[in-house]
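Okay, so here's the structure we're looking at.
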Amino acid sequence: MDNTKYVMSDEEKYFFDLTGYLIVRDALTVEEVDKCNAAIDHYANKIRARSVDDGGLARGSSTLLGETGRLELTGMLGWEKPYREPFRELLVHPVLVSRLNGMCGKGFRLDHGPLMIGATAGTEGHQLHGSGEPFSPAVWYHQQNGAIYCRGVTVAWQLTDVNEGDGGFAVVPGSHKSCEPTPAGIRSVEDDMGLTVQPVMKAGDVLFFAETATHGTLPWKGKGQRRSILYKYASRGVARSVGQFFTPEARFGEWTKTLSPEQHAVLYGPGVHTGGKLPLLESDGKKTWVVE
Ligand SMILES: O=C(O)CCC(=O)C(=O)O
């Protein structure tokens with residue numbers, strides 16, 4: 001594959017359109033990787049392990065089960081100098097910009113992140129999720145007249161090596177265009193029909209994946225620690241996480257409290273990760289109501 005560093009090649013575009021993911025090798029120098037790792041080491045006391053109680057991210061899958069929960073770290077962009085600088089540089093790294101223009105369209109924006117996903121031997125996996133089916137208005141994938149319109153692309157910078165069989169990020173190539181319901185055995189990887197791929201990556205590689213692709217995490221079996229930094233980008237017109245100005249009160253003022261529940265429900269801001277806070281409307285043609 002023509003993997004020239006800063007520009008998205010036709011081969012890369014073909015690969016991404018066909019599979020729903022793309023890896024650019026050696027996107028970061030050893031110095032860039034070292035700076036990121038040193039900053040994470042500095043904030044190591046803020047790394048939190050998720051609980052594996054109640055099925056954890058494995059959601060009860062026997063294939064994805066682990067002894068410990070995924071490690072997570074956030075807040076990099078707001079860290080003190082000089083620790084935040086490498087993560088601020090990743091936000092608009094030149095390797096990323098040309099490719100996101102090609103995948104999401106110009107004007108792409110960070111929807112949420114960065115989030116470090118970490119793991120040590122025995123860390124559980126994450127049930128596979130995403131996929132074009134059921135259809136997601138927040139992250140759908142469309143290709144027309146030679147242009148890709150992918151509304152949600154995650155960029156995952158690799159700070160440590162991922163060898164064959166280590167586990168970590170896994171994807172069902174091509175699933176971003178699937179119109180068939182995803183079988184339970186694919187989501188749990190208990191009966192994946194040989195369709196799951198775990199890409200091999202080196203520290204300094206960067207992974208792009210369409211949020212519509214069925215993806216998740218295999219339990220970590222690697223000798224070293226896994227460190228992948230995820231930035232979740234979206235096309236200009238998309239909002240996935242809801243942000244500060246989500247409620248009608250925050251957007252328009254306290255007067256919105258005097259509206260009917262139906263009127264109030266239609267004034268929320270964009271975004272789909274609402275934590276169940278978005279009231280939905282239904283109508284039978286004669287009246288409109290808030291769905292309970
Ligand atoms: O890299 C991984 O472990 C998977 C990340 C994932 O599932 C997600 O970002 O939704």
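The values are calculated or read from the model by the stated rules, or taken from the named source; none is laboratory data. Just so it is clear, the structure is predicted and the values come from calculations on it, not from any experiment. Cβ: placed from backbone, ideal geometry, glycine included. Neighbour counts: every protein chain shown.
Here the condition is being of a type outside the set (D, E, K, R) and under 30 Å from Gly237 (Cβ atoms); of Leu65, Leu100, Leu71, it holds for Leu100 alone.
Of all the residues in the stretch 134-160, those that are within 15 Å of the ligand (Cβ to nearest atom) and either among the β-branched types (Val, Ile, Thr) or not assigned by TED's automatic domain parsing to the domain that holds Leu64 (or both) number 5. Within the stretch 83-133, which residues are without any contact (Cβ under 8 Å) to a residue 40 or more places away in the chain and assigned to a loop (DSSP other than H, G, I, E, B)? Scanning the stretch 83-133 gives a single hit, Val92. Of all the criteria given as (1) within 25 Å of Gly66 (Cα to Cα); (2) of a type outside the set (Ser, Thr, Tyr); (3) buried (at least 20 other Cβ atoms within 10 Å of the Cβ); (4) touching a residue at least 60 places away in the same chain (Cβ under 8 Å), the one not satisfied by Gly222 is (3).
Results for (1) surrounded by 14 or more Cβ atoms within 10 Å (Cβ to Cβ); (2) at pLDDT 95 or above; (3) farther than 30 Å from Arg187 by Cβ, shown as yes or no for each residue.
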{"residue": "Thr4", "(1), (2), (3)": "no, no, yes"}
{"residue": "Asp10", "(1), (2), (3)": "no, no, yes"}
{"residue": "Val24", "(1), (2), (3)": "yes, yes, no"}
{"residue": "Val33", "(1), (2), (3)": "yes, yes, yes"}
{"residue": "Ala49", "(1), (2), (3)": "yes, yes, no"}
{"residue": "Asp53", "(1), (2), (3)": "no, no, no"}
{"residue": "Pro82", "(1), (2), (3)": "no, yes, yes"}
{"residue": "Pro86", "(1), (2), (3)": "yes, yes, yes"}
{"residue": "Ser98", "(1), (2), (3)": "yes, no, yes"}
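Of the residues making up the stretch 174-188, those that are within 15 Å of the ligand (Cβ to nearest atom) and either touching a helix residue (DSSP H, G or I) at 6+ places or on another chain (Cβ under 6 Å) or closer than 25 Å to Ser241 by Cα (or both) are Ser175, His176, Thr182, Arg187. Scanning the stretch 17-35 for residues that are in contact with a Lys or Arg (Cβ under 8 Å, 6 or more places away or on another chain) and at negative phi gives Leu22, Val24, Arg25, Ala27. Scanning the stretch 133-152 for residues being at pLDDT below 90 and either charged (D, E, K, R) or surrounded by 24 or more Cβ atoms within 10 Å (Cβ to Cβ) (or both) gives a total of 1. Need pairs with beta-carbon distance below 6 Å; first residue not assigned by TED's automatic domain parsing to the domain that holds His129 and within the stretch 161-178, second in a strand (DSSP E or B) and within 15 Å of the ligand (Cβ to nearest atom); sequence gap 6+ or separate chains. From the stretch 161-178, no pairs qualify.
Being assigned to a loop (DSSP other than H, G, I, E, B), within 16 Å of the ligand (Cβ to nearest atom) and at pLDDT 95 or above is the requirement here; does Leu57 meet it? Yes, satisfied.
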